[in-house]
Amino acid sequence: MLESNELARFEAAVLPHLDAAYTLARYLTRNDHDAEDVVQDACVRALKYFNTFRGEQGTSARAWLLTIVRNTAYSWHKGHRTDALTTEFDETEHSHAVADADPDAKETLGRALERLAPEFREVIVLRELQGLSYKEISDVAGVPVGTVMSRLSRARTHLQRALRKED
Amino acid sequence: MTPAHPSFEAQLDAYLDGELASTDARELEAHVAQCAECARFREGRLALRAAIAAEVPAFQASDVLRGRVRAALKNTARPSGLNLLAWWRPLALAASFVVVALGSWSLAWQRAAGAALADDVLSSHIRSLMPGHLTDVVSSDQHTVKPWFNGKLDYSPPVHDFAAQGFPLVGGRLDYLDGRTVAVLTYGRRQHFINVFLWPRARGPSGGPNTRDHQGYHLLHWTTPDYAYWVASDLGTAELRDFVRLVQRADSAETGGGG
């Protein structure tokens with residue numbers, strides 16, 4: 001049957017990138033329960049729009065899936081949550097890139113990353129953890145390569161400051 | 001040189017990432033080789049990269065999640081057709097014949113936005129039939145179901161039980177449709193379930209019901225002055241229309257409207 005063929009092709013193209021999808025979702029939502037919901041939602045969405053992916057050239061299945069995961073995580077927070085995460089997701093690039101540190105918590109790099117505004121957090125995850133090219137990151141985040149470049153640089157400088165505090 | 005200038009730092013990062021065009025890269029390389037500050041910058045970045053590799057984990061999708069995803073994909077692919085959007089074009093053509101044949105049915109089905117929403121309603125209906133997804137609050141008592149929505153929605157949906165007419169209320173749940181959280185009421189009829197989706201709309205004229213059949217499921221959509229309604233079920237069309245008339249009558253009795 002055509003449909004089960006289609007599902008098999010989708011699974012072969014997309015499921016190898018489930019770890020990457022979960023990692024991005026985990027860092028964007030900052031908890032595993034939400035991350036799993038986001039990944040499941042994103043995969044169902046991806047299946048529905050699989051025909052649009054095959055039409056595009058030069059996009060890797062991984063970057064394509066990560067784009068959907070990212071957008072799902074952002075809209076999921078807008079749609080389902082009214083807590084503090086929402087406001088952070090609404091932050092623009094011109095606001096503070098970093099939330100205030102909890103003075104009692106021991107500073108770690110992981111914690112510093114979690115406190116970065118999501119648009120900075122995601123470029124670190126996509127570049128350092130998943131090794132995407134600037135161009136791929138620009139596709140995933142929907143911003144120009146120049147913006148990726150400057151966000152990545154600013155994010156690294158923030159993290160380096162945290163690293164110095166850690167020592 | 002001034003590494004404090006952000007665009008220079010960003011270029012230096014791009015250079016270290018191997019992302020700079022080769023001519024720019026050569027220029028920067030020559031500079032970095034004889035600039036102490038840039039050398040320190042590079043040291044700092046290398047240390048950060050090592051620290052991230054050591055301390056910031058990439059996660060693995062659990063087997064539970066993999067299983068969930070596979071099940072959800074199978075569920076999406078099987079009963080509703082793999083891609084409802086792709087299905088839509090031939091269906092729209094077919095629908096145009098249906099509209100001609102049935103005369104009184106509205107042309108609303110041909111609107112793309114309505115089509116996407118119909119897809120979402122149908123997906124939600126099918127999802128709800130998975131074990132444990134049908135209801136968030138299980139009760140045949142409208143006075144239990146209605147207050148359950150308090151605080152979960154920015155409106156209080158009208159809830160009626162039609163057990164006396166053979167359509168007992170089973171419960172309610174929340175869903176996300178058309179860019180908002182909406183109330184869903186579930187009714188039973190023998191072994192069939194009927195999902196009623198409703199949400200407030202900008203006041204406008206009543207219309208419908210319009211019907212769409214897809215792979216054994218029926219969708220009905222209508223509007224009252226206050227609410228947009230969608231009904232999804234695999235129940236036979238005649239019985240479903242009886243049910244819709246009950247809902248419409250109860251709604252207009254409650255709001256005092258004529259629709």
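The values are calculated or read from the model by the stated rules, or taken from the named source; none is laboratory data. Since the model is a prediction, treat every value here as computed from it, not as a measurement. Positions of Cβ are backbone-derived with ideal geometry, glycine not excepted, and every protein chain shown enters the neighbour counts. Side chains are part of the model used for accessible areas, which takes the heavy atoms of the whole protein and leaves out ligands, DNA and RNA. Shrake-Rupley method; radii C 1.70, N 1.55, O 1.52, S 1.80 Å.
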Being under 46 Å from the mean Cα position of the chain (by Cα), at the interface with chain A (Cβ under 10 Å from one of its Cβ atoms) and over 20 Å from A:Leu24 (Cα atoms) is the filter here, so list the residues in region B:38-49 that pass it.
B:Gly44, B:Arg45, B:Ala47
Please state which of the following conditions B:Cys35 fails to meet, knowing it meets all the rest: (1) modelled with pLDDT of 90 or more; (2) more than 9 Å from chain A (Cβ to nearest Cβ); (3) open to solvent by 50 Å² or more (accessible area, probe 1.4 Å).
(3)
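Residues checked against (1) out of contact with any Leu (no Cβ under 6 Å at 6 or more places or on another chain); (2) of a type in the set (A, V, I, L, M):
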residue: B:Gly188; (1), (2): yes, no
residue: B:Phe193; (1), (2): yes, no
residue: B:Pro200; (1), (2): yes, no
residue: B:Arg203; (1), (2): yes, no
residue: B:Ser206; (1), (2): yes, no
residue: B:Pro209; (1), (2): no, no
residue: B:Tyr229; (1), (2): no, no
residue: B:Ala238; (1), (2): yes, yes
residue: B:Ala250; (1), (2): yes, yes
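Yes or no, residue by residue, for (1) within 22 Å of A:Tyr49 (Cβ to Cβ); (2) crowded, with 20+ Cβ neighbours inside 10 Å; (3) more than 22 Å from the chain's Cα centre (by Cα):
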site: B:Ala116; (1), (2), (3): yes, no, no
site: B:His125; (1), (2), (3): yes, yes, no
site: B:Val138; (1), (2), (3): no, no, yes
site: B:Asp141; (1), (2), (3): no, no, yes
site: B:Asn150; (1), (2), (3): no, no, no
site: B:Gly166; (1), (2), (3): no, no, yes
site: B:Leu169; (1), (2), (3): no, yes, yes
site: B:Arg180; (1), (2), (3): yes, no, no
site: B:Val184; (1), (2), (3): no, yes, no
Can you name every residue in region A:119-162 that is at the interface with chain B (Cβ under 9 Å from one of its Cβ atoms), under 16 Å from B:Pro57 (Cα atoms) and not in a loop (DSSP other than H, G, I, E, B)?
A:Ile124, A:Val125, A:Arg127, A:Glu128, A:Leu129, A:Leu159
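Yes or no, residue by residue, for (1) part of a loop (DSSP other than H, G, I, E, B); (2) modelled with pLDDT under 90:
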| residue | (1), (2) |
| --- | --- |
| B:Ala183 | no, no |
| B:Arg203 | yes, yes |
| B:Pro209 | no, yes |
| B:Asp213 | no, yes |
| B:Trp230 | no, no |
| B:Arg241 | no, no |
| B:Arg245 | no, no |
